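Visitor: There's a structure below that I have some questions on.
The values are calculated or read from the model by the stated rules, or taken from the named source; none is laboratory data. Model, not experiment: these values are computed from the prediction. Glycine also receives a Cβ, built like all others from the backbone with ideal geometry; neighbour counts cover every protein chain displayed. With ligands, DNA and RNA removed, areas are computed over all heavy atoms of the protein, side chains included. Shrake-Rupley method; radii C 1.70, N 1.55, O 1.52, S 1.80 Å.
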Amino acid sequence: MAEFTMELNEDQREVRDWIHGFAADVMRPAAAEWDEREETPWPVIQEAAKIGIYSLDFYAQQFFDPTGLGIPMTMEELFWGDAGIGLSIVGTGLAAVGVLANGTEEQIGTWVPQMYGDADDVKLAAFCSSEPDAGSDVAAMRTRAVYDEAKDEWVLNGTKTWATNGGIAGVHVVVAVVDPELGSKGHASFIVPPGTPGLAQGQKFKKHGIRASHTAEVVLEDVRVPGHCLLGGKDKLDERLARARERARSDGERVKNAAMATFEASRPAVGAMAVGTARAAYEEALDYARTRTQFGRPIIDNQGVAFQLADMRTQIDAARLLVWRASWMATTGKPFTSAEGSMSKLFASETAKKVTAQAVQILGGNGFTREYPVERMHRDAAIYTIFEGTSEIQRLVIARTVSGMPIR
Ligand SMILES: Cc1cc2nc3c(=O)[nH]c(=O)nc-3n(C[C@H](O)[C@H](O)[C@H](O)COP(=O)(O)OP(=O)(O)OC[C@H]3O[C@@H](n4cnc5c(N)ncnc54)[C@H](O)[C@@H]3O)c2cc1C
């Protein structure tokens, strides 16, 4: 029987240190520049691709780590390096997971490698679900996919928003409504191959944080994709829709759903990103507090400062433990009976917001300037309580799961 341990094994430590080296030597020095430019840091992604950190193989290896810690460990180190560049590096993974979760083996083999490209010709991918009127309430989605049987093609129309890498990606994965009567049960996911006519980038957003990551609207106008681009295939979709219609009839009402219960297993990865940003800010604050002198002594000599650092460190460690627990549960097939995935994302993202704000305070005036990285980290941390389900939605998921009540 496997011994209980909370230590990373030797292989994991080696990978962690390798990613940390890239984060410290390549990402951190580039972070301020790409934050100011508000552009995708292609040269950094290319460097990551050259050494294998931006590659399907690497993420597959981490994903299949039997302890479940490969992905959170990777995310923490990359986002310790920089959150904006980190999201540019791992954003493709969102679309890849969309295909891995719903695609056939053939679709996975065809499309996922194309999402990454290779070190000489790096590509990005985008996952497009959110819409202007369908954020937390995924069931309000309006983008339609209609099947043209004569041509065996799907025709997509609608506007997606907030898509990471939207419009600059090669492959786009688009979630669309195939049966509006069924709420989110009537949704399906489609591959839109590179260069498909009718798909265009809309507004590119100027953001508060993670500015090195591209976020944009994606407009779909009579976008035609071949039948084989429906993830999972037509037979499986027809069976799923038939089952959902049957259930809707027997429930006597339209099937209702919201973003709530989805993504439970992917949320710890976002929690790990938040832990990375929080740890980075905490380390900056600790260093500063040791060296900055006021009233003839280092500011850390004041309990008011030292206790803040003690709380910051405690909360970061607690967040990591929740993230690791949820990741281990997801990998070992344990059911999330108390929404442990949402718990980890909720706690880690709120911790990152709090800890980065405290770091700004500990650095005083310097913390408020772009001369020091905590200002950027504080802006970056604000995203974690918003994407992949806001903190309020995480609380709804947890409250409903632990109570069994339809809390609104
Ligand atoms: C930088 C960035 C990158 C993103 N990347 C992607 C991406 O790649 N692909 C993609 O599909 N999406 C992406 N998103 C979208 C993101 O997932 C949504 O922004 C998020 O789900 C929230 O939706 P919304 O912005 O419409 O907010 P809303 O749903 O309108 O929420 C507004 C406020 O109301 C609260 N609220 C809503 N409903 C309830 C409720 N029932 N109870 C209590 N409070 C509630 C929310 O918590 C929030 O505080 C990204 C967003 C950003 C900002």
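Visitor: Quick one: is Ser344 more than 20 Å from Met75 (Cβ to Cβ) and either within 22 Å of the chain's Cα centre (by Cα) or among the polar types (S, T, N, Q) (or both)?
Guide: no
Visitor: When residues of region 110-126 are filtered for being in contact with a Gly (Cβ under 9 Å, 6 or more places away or on another chain) and either within 16 Å of the ligand (Cβ to nearest atom) or part of a loop (DSSP other than H, G, I, E, B) (or both), how many remain?
Guide: 6
Visitor: Looking for whichever is more than 20 Å from Asp380 (Cα to Cα), surrounded by fewer than 17 Cβ atoms within 10 Å (Cβ to Cβ) and of a type outside the set (D, E, K, R) here; the options are Ser338, Ser327. Which one fits?
Guide: On inspection, the qualifying residue turns out to be Ser338.
Visitor: Now for a separate question. Only helices (runs of 4 or more DSSP H) wholly contained in region 319-408 count here; list those with 1 or more residues that are closer than 18 Å to Arg211 by Cα and within 16 Å of the ligand (Cβ to nearest atom). Spell out how you get there, then give the answer.
Guide: On the way: elements: 340-362, 364-367, 374-381, 391-403.
Ranges flagged: 340-362, 374-381.
Visitor: Now, a different point. Which members of region 127-184 meet the condition of being polar (S, T, N, Q) and more than 13 Å from the ligand (Cβ to nearest atom)?
Guide: Quick first cut of region 127-184, residues polar (S, T, N, Q) only: 129-130, 136, 143, 157, 159, 161, 164-165, 184.
Passing the criteria: Asn157, Ser184.
Visitor: Which of the strands (runs of 3 or more DSSP E) found entirely inside region 127-211 contain at least 3 residues meeting this: open to solvent by 30 Å² or more (accessible area, probe 1.4 Å)?
Guide: On the way: elements: 144-148, 153-164, 171-177, 187-192, 199-204.
Strands (runs of 3 or more DSSP E) meeting the threshold: 144-148, 153-164, 199-204.
Visitor: Restricting attention to region 254-297, which residues are modelled with pLDDT of 95 or more, open to solvent by less than 70 Å² (accessible area, probe 1.4 Å) and among the acidic types (Asp, Glu)?
Guide: Hits for region 254-297 are Glu283, Glu284.
Visitor: What number of residues in region 28-53 are more than 24 Å from Gly167 (Cβ to Cβ), assigned to a helix (DSSP H, G or I) and in contact with a helix residue (DSSP H, G or I) (Cβ under 8 Å, 6 or more places away or on another chain)? Spell out how you get there, then give the answer.
Guide: Taking region 28-53 first, the residues more than 24 Å from Gly167 (Cβ to Cβ) are 28-29, 32, 50-53.
When the remaining residues are screened for being assigned to a helix (DSSP H, G or I), the result is 28-29, 32, 50-51.
Add one more test, that the residue is in contact with a helix residue (DSSP H, G or I) (Cβ under 8 Å, 6 or more places away or on another chain), and what stays is 28, 32, 51.
So the count comes out to 3.
Visitor: Any residue that is open to solvent by 20 Å² or more (accessible area, probe 1.4 Å), more than 8 Å from the ligand (Cβ to nearest atom), at pLDDT 95 or above and closer than 25 Å to Val275 by Cα - is there at least one of those in region 80-88?
Guide: The answer is yes; a qualifying residue exists.
Visitor: Additional query: Among the residues that make up region 233-244, is at least one of them acidic (Asp, Glu) and touching a strand residue (DSSP E or B) at 6+ places or on another chain (Cβ under 9 Å)? Walk me through it before giving the result.
Guide: Here is the first cut: in region 233-244, the ones acidic (Asp, Glu) are 235, 238-239.
After this cut, where a residue has to be touching a strand residue (DSSP E or B) at 6+ places or on another chain (Cβ under 9 Å) as well, the list is none.
Looking for residues that are acidic (Asp, Glu) and touching a strand residue (DSSP E or B) at 6+ places or on another chain (Cβ under 9 Å), one finds none in region 233-244, hence no.
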